[in-house]
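Asks: Here you go, one structure.
The values are calculated or read from the model by the stated rules, or taken from the named source; none is laboratory data. These numbers were taken from a predicted model, which means no experiment stands behind them. Positions of Cβ are backbone-derived with ideal geometry, glycine not excepted, and every protein chain shown enters the neighbour counts. Ligands, DNA and RNA are stripped out before the accessible areas are found, and what is left, the full protein with its side chains, is counted by its heavy atoms. Shrake-Rupley method; radii C 1.70, N 1.55, O 1.52, S 1.80 Å.
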Amino acid sequence: MMKILRINLSLFALLVFAGQIFSQKIPFWTENFTGKFPTGWTTDDPSVNNCLWTWCSDPQKGDNEAGCPEIWNTPSNQQKAFAATTATTGFMTMDSDDCGELTVTNHLSELTSVPINCAGKNEVWLQFQTHIGVYGHTADDLAVLRVSTDQTNWTVFQVFDSLVSSIRWSDNPEIPIINISSVAANQATVYLQWRWDGNYDYHWSVDDLELYDSDPTPANDLAISQFFYPVSSYSTPESQIATDTFAFSANISNKGLEAQTNATLKVWVENELGFLLFADSVLIPTIEIGTEDEEFVMPNIYVPKLVKGRYRINYKLYNSGADGRPNDNFFSSEFLVTDFQFAKEEKPEQGYRPGAAEITDPWFVGNYYRVSAGNLEQYKATSAEFAFTTDPAEIAINAVTATIYLLKANADIDDNLTNLDDAAFLDSWEWVGLADYEAPDTLTDNRSIQTVEILDFAGGTKGVVLEPGGKYFLAIGYGGDNINVFHLFNNDVNYYFTSTLIYTDTWSTFGSDANAVMRMNLSLVTKTDDKPLQENVFKVYPNPANDNINLITDFKYPTNATITIADINGRVISIQDKTGLTQEKITISTVSMTSGSYLARIATKDGTKTIKFVVNH
């Protein structure tokens with residue numbers, strides 16, 4: 001059974017620490033469920049749906065063993081097996097999905113502990129490791145901890161904060177620390193109960209329970225709660241990245257019990273070989289107790305001059321003392337410089353669509369891309385790449401049809417789209433490109449990348465010429481039976497500006513870390529020299545080439561130029577913007593090019609010159 005998210009339109013990012021808690025305090029009571037369902041513990045379902053907690057011996061077994069939950073590693077969920085510290089020796093789980101869709105009432109699945117002696121403990125704090133997946137219900141108020149001294153009167157404590165159905169999964173493991181002193185302090189008999197009011201959700205697992213007589217939160221616990229990702233797209237063509245300007249900042253929280261002094265926040269950019277390209281830092285003299293999401297901005301900016309490749313932005317928080325939970329002191333995120341592709345993500349992951357109430361009519365989703373104003377060559381959008389999935393019970397994967405649209409923002413729309421009128425969204429755009437898609441009969445992979453050629457809306461020719469400095473929205477529309485399609489997304493990058501947009505009855509942003517798989521590919525507008533440069537200003541050797549070609553320029557005066565390598569059909573392989581060229585040699589590797597014919601082209605304000613060359617490995 002495949003279960004894919006039916007979302008509402010209010011997505012938001014929640015960065016929550018997920019990792020091993022290192023506590024310096026000693027618990028006075030523990031339970032890690034090693035070997036069996038523990039003696040004296042009970043499970044019940046007052047709703048009479050018989051949805052009960054079970055013991056699982058190993059999370060890796062999944063549905064292959066009775067009592068163990070499925071590992072939801074499907075394209076739309078991307079989950080791993082429960083990762084609690086001692087999960088491989090046994091843990092408790094409640095599999096809501098196995099109960100099926102209940103028609104009368106939700107299940108009220110309860111797991112209740114043996115009586116625990118907390119006498120003489122003026123404070124009682126519970127720490128445990130957990131993982132939950134919700135589908136149609138929030139976890140905030142429906143998956144809770146209850147504590148009692150008599151099993152009649154129960155006090156409810158929240159376990160999950162802001163975990164709604166659109167977020168779907170908690171961290172794995174999530175490690176809550178809950179003060180239950182109001183019920184349990186100095187009590188000789190205390191019962192703990194995990195209670196889930198749900199219906200056809202995923203599963204809830206718990207393990208590694210610990211009770212303390214004081215707050216086990218470390219004294220020193222700084223965290224990077226959010227960090228700024230300065231790249232406008234995960235993948236950016238080489239011609240477009242050169243005019244980006246990177247600024248850096250991060251939000252810091254003090255989760256510990258003491259104020260922190262002399263912390264340092266550092267950022268650095270490196271290439272895929274680990275070579276440092278840029279670094280900056282800021283000293284933070286004091287971070288008070290209770291500080292939450294305070295922003296610190298790096299003093300310097302970075303103007304990248306990058307060639308095709310993979311790059312990484314790293315943030316690290318250095319504490320003056322040993323940090324009790326260091327896993328959230330370092331974050332890293334990568335970006336790509338490509339030959340010809342804009343993309344907001346690296347690969348398809350989750351499948352999203354509007355909630356059932358919003359999809360009676362066609363709906364649309366797409367990405368916003370900005371074109372550089374800086375190069376001397378003209379490019380066009382030639383094709384779109386996208387991915388989707390379906391529930392076969394609703395529509396077969398090979399029966400999907402869709403329409404792709406390319407829109408150009410009006411000149412008065414600002415770069416970050418902050419002055420868009422959501423209610424009159426289309427009034428802010430000009431429709432410039434179109435493509436129709438029909439899934440091939442042979443399509444069976446529910447996450448494969450699909451490609452269509454974009455046609456100019458006015459002339460019907462292949463490709464849409466992109467305006468230097470232009471702002472574009474590449475969207476896909478699903479109508480008819482296709483409103484049940486789930487478009488594929490990726491949430492690995494958190495953009496702090498408009499990235500993905502969705503339309504049902506109005507346009508809205510789709511959440512800062514929900515990025516649609518909707519990519520735009522570029523190529524050269526023309527391969528002919530309408531205004532040719534002189535013969536001697538640009539030469540290529542050797543020709544044929546093996547591992548490298550050398551581009552020789554010979555300008556009398558310093559000249560700004562764009563140098564492009566493309567295949568014989570005009571698809572861009574590499575782009576370089578050069579300033580002040582005179583007599584120079586530029587070497588370009590051809591190792592990754594297949595044997596065949598290619599174009600080397602130089603464009604200046606005075607004209608262009610194109611040379612055909614051959615790669616022969």
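Asks: Quick one: go through the stretch 540-575 and flag any residue whose amide nitrogen is under 17 Å from the point 7 Å out along the Cα-to-Cβ line of N616.
Replies: 540-550
Asks: Taking the solvent-accessible surface of protein heavy atoms with a 1.4 Å probe, what is the per residue accessible area of the stretch 232-319 in Å²?
Replies: Numbers: 4160 Å² over 88 residues.
Accessible surface, normalised per residue, equals 47 Å².
Asks: Quick check for me: using +1 on Lys/Arg Cβ and -1 on Asp/Glu Cβ, what's the dipole size of the chain about its Cα centre, in debye to the nearest 20?
Replies: Details: 39 positive and 78 negative charges, 488 e Å.
Here the size comes out at about 2340 debye.
Asks: From the backbone phi of the stretch 324-340, what are the Karplus-calculated ³J(HN,Hα) couplings (6.51 cos²θ - 1.76 cosθ + 1.60, θ = phi - 60°) in whole Hz, Gly and Pro given as x?
Replies: For the stretch 324-340, the Karplus-derived couplings read x, 9, x, 4, 9, 9, 9, 9, 9, 8, 9, 8, 10, 9, 10, 5, 8 Hz, x marking Gly and Pro.
Asks: Moving on to the next point. Skipping prolines and chain starts, which residues have an amide H placed within reach, meaning under 5 Å, of the one on D221, given they are 5 or more residues away or on another chain?
Replies: K255, G256, L257, E258, G324
Asks: Around Q187, what is the net charge, scoring Lys/Arg as +1 and Asp/Glu as -1 over all other residues with Cβ under 13 Å from its Cβ?
Replies: On the way: positive: K121; negative: E123, D150, D213.
Spelling it out: positives minus negatives among the neighbours equals -2.
Asks: Taking the C-alpha atoms of the stretch 575-617, how large are the radius of gyration and the largest Cα-Cα span, Dmax, in Å?
Replies: Rg then Dmax for the stretch 575-617, in Å: 12.4, 35.
Asks: Which whole-number percentage describes the relative contact order of the chain, with Cα contacts under 8 Å and a sequence gap of 6 or more? Show your work: numbers first, answer last.
Replies: Values: 1676 pairs, mean separation 79.5, N = 617.
Rounded, it is 13 percent for the chain.
Asks: To check my understanding: the extent here is largest minus smallest coordinate of the Cα atoms along each principal axis. What are those three numbers for the stretch 254-409, in Å, largest first?
Replies: Dimensions of the stretch 254-409 along the principal axes of its Cα atoms: 59, 47, 31 Å.
Asks: So for E346, E174, what's the accessible-area order with a 1.4 Å probe, most first? Spell out each step's value before the answer.
Replies: Values: E346 85, E174 30 Å².
From most exposed to least exposed: E346, E174.
Asks: By how many nm would the segment from L283 to N536 grow when fully extended, if each residue of separation counts as 0.36 nm and the alpha-carbon distance is taken off? Could the numbers behind the result be given before it?
Replies: Values: separation 253, 0.36 × 253 = 91.08 nm, distance 5.44 nm.
Extra length available between L283 and N536 comes to 85.6 nm.
Asks: Roughly how many Å² of F330 are accessible to a 1.4 Å probe, to the nearest 10?
Replies: 90 Å²
Asks: In whole angstrom, how far apart do the alpha carbon centroids of the stretch 366-435 and the stretch 142-173 sit?
Replies: 41 Å
Asks: In addition: Quickly work out the V591-to-N543 label distance, labels modelled 7 Å from Cα along the C-beta direction, and quote it in nm with one decimal.
Replies: The answer from the label model is 2.5 nm.
Asks: Evaluate E = 1/(1 + (r/R0)^6) for L257 and N117, where r is the Cβ-Cβ distance and R0 equals 25 Å; express this FRET efficiency to the nearest 0.05.
Replies: Details: r = 26 Å, r/R0 = 1.06.
E between L257 and N117, to the nearest 0.05, is 0.40.
Asks: For S597, what charge total do you get from the other residues with a beta carbon under 9 Å from its beta carbon, if Lys and Arg give +1 and Asp and Glu give -1? Before the final figure, lay out the partial values.
Replies: Numbers: positive: K612; negative: D567.
So the environment of S597 carries a net charge of 0.
Asks: Considering only protein heavy atoms and a probe of 1.4 Å, how much of the accessible area of the stretch 280-362 is carbon and sulfur, as a whole percent?
Replies: Working: 2060 of 3950 Å².
Ligands and nucleic acids excluded, carbon and sulfur reach 52 percent.
Asks: Can you compute the label reach from Q78? Point 7 Å from Cα along the Cβ direction, backbone N cut-off under 17 Å, restricted to the stretch 484-515.
Replies: Backbone N within reach: 486-496, 499-501, 510-515.
Asks: Tell me the per residue accessible area of the stretch 157-221 using a 1.4 Å probe; a whole number in Å² is fine. Provide the component values of the computation, followed by the final result.
Replies: On the way: 1710 Å² over 65 residues.
Accessible area per residue: 26 Å².
Asks: Leaving ligands and nucleic acids out of the surface, order K408, K605 by accessible area at 1.4 Å, largest first.
Replies: Working: K408 35, K605 165 Å².
Ranking K408, K605 by accessible area, largest first, yields K605, K408.
Asks: If you average 1/r over every pair of different alpha-carbon atoms in the stretch 198-279 and take one over that average, what Kirkwood value in Å do you get?
Replies: In the stretch 198-279 this quantity evaluates to 17.8 Å.
Asks: Let me ask something else. Collect residues whose amide H, placed 1.01 Å from N in the peptide plane, falls under 5 Å from the amide H of F278; neighbours closer than 5 in sequence don't count.
Replies: Residues meeting the criterion, in which the H sits 1.01 Å from N, are V269.
Asks: Under the rule that a partner needs its Cβ under 4.7 Å from the first Cβ, which Cys of the chain have none?
Replies: C118 - these cysteines have no disulfide-compatible partner (Cβ-Cβ under 4.7 Å) in the chain.
Asks: Right, next: Using 7 Å Cα-to-Cβ label points, what is the A396/T86 separation (nm, one decimal)?
Replies: Once both label points are built, they end up 5.2 nm from each other.
Asks: Could I ask something else about it? How large, in percent, is the carbon and sulfur part of the accessible surface of the stretch 508-573 at a probe radius of 1.4 Å?
Replies: Details: 1470 of 3070 Å².
The computed percentage sits at 48.
Asks: Follow-up question, since we're still on this one. Could you tell me what % of all Cα pairs in the chain have separations over 36 Å?
Replies: Numbers: 92187 of 190036 pairs.
More than 36 Å apart: 49 percent of the Cα pairs in the chain.
Asks: Further question on the same structure: Leaving ligands, DNA and RNA out of it, work out the accessible area of T264 with a 1.4 Å probe and give it in Å² to the nearest 10.
Replies: Surface open to solvent at T264 totals about 40 Å².
Asks: Given a 1.4 Å probe and the protein chains all in place, what does the accessible area of T189 round to, in Å² to the nearest 10?
Replies: My reading of the accessible area for T189 is about 50 Å².
Asks: Ordering T461, T582 by how much accessible area each has at a 1.4 Å probe, largest first, what is the list?
Replies: On the way: T461 80, T582 40 Å².
Largest accessible area first, the residues go T461, T582.
Asks: Taking the simple approach of a point 7 Å from Cα along Cα-to-Cβ for both D554 and E438, what is their distance in nm?
Replies: Between D554 and E438, the simple spin-label model gives 5.6 nm.
Asks: Quick check: net charge around T401, other residues with Cβ under 12 Å of its Cβ, Lys/Arg +1 and Asp/Glu -1? Please report the intermediate quantities before stating the final value.
Replies: On the way: positive: none; negative: D436, E438, D481.
Residues close to T401 contribute a combined charge of -3.
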